[in-house]
1. If I filter segment 58-74 down to residues being among the β-branched types (V, I, T) and over 21 Å from K310 (Cβ atoms), which single residue comes out as surrounded by the most Cβ atoms within 10 Å (Cβ to Cβ)?
2. Give the residue, chosen from Q226, Q277, Q266, Q312, that is surrounded by fewer than 20 Cβ atoms within 10 Å (Cβ to Cβ), in contact with a helix residue (DSSP H, G or I) (Cβ under 7 Å, 6 or more places away or on another chain), more than 30 Å from Y392 (Cα to Cα) and of a type outside the set (V, I, T).
3. Residues that are surrounded by 20 or more Cβ atoms within 10 Å (Cβ to Cβ) and free of Cβ contacts under 8 Å to residues at least 60 places away in the same chain: which strands (runs of 3 or more DSSP E) entirely in segment 366-455 hold 2 or more of them?
4. Looking at segment 393-428, which of its residues are within 27 Å of S321 (Cβ to Cβ), of a type in the set (S, T, Y) and out of contact with any Gly (no Cβ under 7 Å at 6 or more places or on another chain)?
5. Out of all the residues in segment 392-431, which are of a type in the set (S, T, N, Q) and within 20 Å of L334 (Cα to Cα)?
6. Given the residues Y316, Y299, which is the only one that is within 30 Å of S429 (Cα to Cα) and touching a Cys at 6+ places or on another chain (Cβ under 9 Å)?
7. Report yes if R96 is surrounded by 10 or more Cβ atoms within 10 Å (Cβ to Cβ), among the basic types (K, R) and either free of Cβ contacts under 8 Å to residues at least 40 places away in the same chain or not assigned by TED's automatic domain parsing to the domain that holds I211 (or both), otherwise no.
8. Return the total of residues in segment 317-360 being at positive phi and either crowded, with 24+ Cβ neighbours inside 10 Å or in a loop (DSSP other than H, G, I, E, B) (or both).
Amino acid sequence: MFRGYCFLLCLVLFVVANLSAEIPVIPFAAPSSLPNVDFRMKTAGYWIARHPYPDSTIMTSDQIQEFNHKIHRRSGAVSDISGISTRYSSKSMNFRIQKQFRATRSMKYVDSLGSAFSEKFWTDLETNLNLQSAGKLSEAKRALVTSLSSQRVFPTSDGCFTKVGDIEFDEWQNSGMDIGTPLICYQTTQDKQWYYCASSIDIGWNPVSDIAICDEQAWQDYIKPQEFIVITSTKADLWMDRNETVHAGFTRMGNKFPLLGQTEHQYLVKLPMRNTQGGCEFITGYITKTDAHPGYLPYTPRNALIQAFKLQNEGYGWGGSNGDWDCSSMINRLFATFGINLPRNGGFQEKAASAICTFTSKDTPTFRTEAIIDKGIGGICLLRMEGHIMLYIGSENGIPYALHDVWGYRTPNKPAADNVWVINKTVVSDLSLGAGSQKGSFLTRLTSLSILNDQ
């Protein structure tokens with residue numbers, strides 16, 4: 001009894017003595033029903049019924065093609081990978097890699113256990129970057145991804161985090177890449193386990209085991225097929241046999257495959273595989289018809305909302321990790337079903353779209369709300385704030401709503417640090433999340449409302 005009392009007293013004294021210390025915030029699981037969200041709002045139909053013109057064509061296929069050219073000019077973050085030369089300066093490439101390495105090394109990152117990276121870790125990593133290439137000009141290789149691949153900032157699977165316990169956000173995760181993603185591979189690490197690769201929206205290190213090297217013609221034929229299907233479900237199984245018993249993995253919304261034929265229930269597609277020598281071979285793959293669409297979907301608000309709500313409740317994956325999405329990769333994949341080639345990063349997506357209105361810190365919540373409701377169009381408008389991007393879906397009772405893939409939000413807990421509520425999935429919410437917290441609500445943090453059309 002006395003020992004128990006002493007222990008409790010010591011615990012209280014310890015807590016009191018450390019009230020001013022920086023104590024890690026323990027997150028809570030967010031409630032299943034977020035504030036101001038009625039269960040009826042969780043379907044596409046609810047918002048389609050309130051849309052002024054759900055079946056209007058926002059852009060034709062020709063207009064989308066021209067819009068993609070505008071995206072490249074506006075953002076500078078999307079490339080037509082088919083037109084990129086394979087000739088490159090190894091000296092310039094090495095300089096780029098080394099510059100990023102040195103900048104990153106100077107930052108105070110920690111590993112998954114919360115410890116600083118050792119000097120040996122950095123030395124070994126730099127050695128493996130293999131930056132001693134001598135030639136002025138080198139020849140890159142065309143390649144296709146053959147299994148779900150995580151492209152990394154550096155050639156390592158080790159996690160890198162900004163602070164202790166922040167393990168959901170691996171700073172060295174670039175992008176999650178689906179089977180069939182075209183790449184240009186520049187050079188390998190010293191241990192031959194990683195390629196430094198560029199896609200149309202990103203550049204970084206992919207495991208050699210995840211990609212297959214192609215000859216020029218086979219690569220071009222694959223990425224520019226005469227007929228193709230687009231994945232319209234959140235995740236679609238890929239099969240290597242007609243009876244669907246040999247699994248080849250899965251692919252995610254917005255990915256496309258060359259179409260070889262079809263049965264009553266399946267599409268037959270060209271599927272890239274890695275052979276024992278690391279080269280590319282193609283086999284016939286099978287995809288259930290309910291998971292895909294022949295060619296791109298017509299770009300209408302109805303289709304945009306239907307596709308967006310398929311993603312509802314899908315898990316959050318920073319940088320597209322673990323086969324999931326984060327906020328910007330969700331937006332990218334959603335609009336890929338219409339053939340719109342958006343950048344990977346939310347900030348560049350904001351630049352790629354046409355600004356309807358921009359917000360400053362002086363704009364009141366009332367002004368922001370009225371501007372969004374008055375000028376926003378559900379399903380085809382983006383709401384952007386620093387570090388996050390959302391799809392505007394419409395308004396109800398004077399409140400604007402969004403669908404977005406979000407890790408969490410904060411609520412005030414004065415005088416202590418804010419409470420953190422983890423959502424960790426794609427949800428419908430209003431913009432009041434975070435109200436009263438130190439960072440403020442999503443509404444007051446918005447920087448722009450923009451639209452994805454050809455204006």
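The values are calculated or read from the model by the stated rules, or taken from the named source; none is laboratory data. Every value quoted in this text rests on a predicted model; they were computed, and no experiment measured them. Don't worry about glycine lacking a Cβ; one is built from the backbone with ideal geometry, like all the others, and counts go over all protein chains shown.
1. I71
2. Q266
3. Those strands (runs of 3 or more DSSP E) span 399-411.
4. T426
5. N424, T426, S429
6. Y316 is the lone residue from the list that is within 30 Å of S429 (Cα to Cα) and touching a Cys at 6+ places or on another chain (Cβ under 9 Å).
7. It is true that R96 is surrounded by 10 or more Cβ atoms within 10 Å (Cβ to Cβ), among the basic types (K, R) and either free of Cβ contacts under 8 Å to residues at least 40 places away in the same chain or not assigned by TED's automatic domain parsing to the domain that holds I211 (or both).
8. 3
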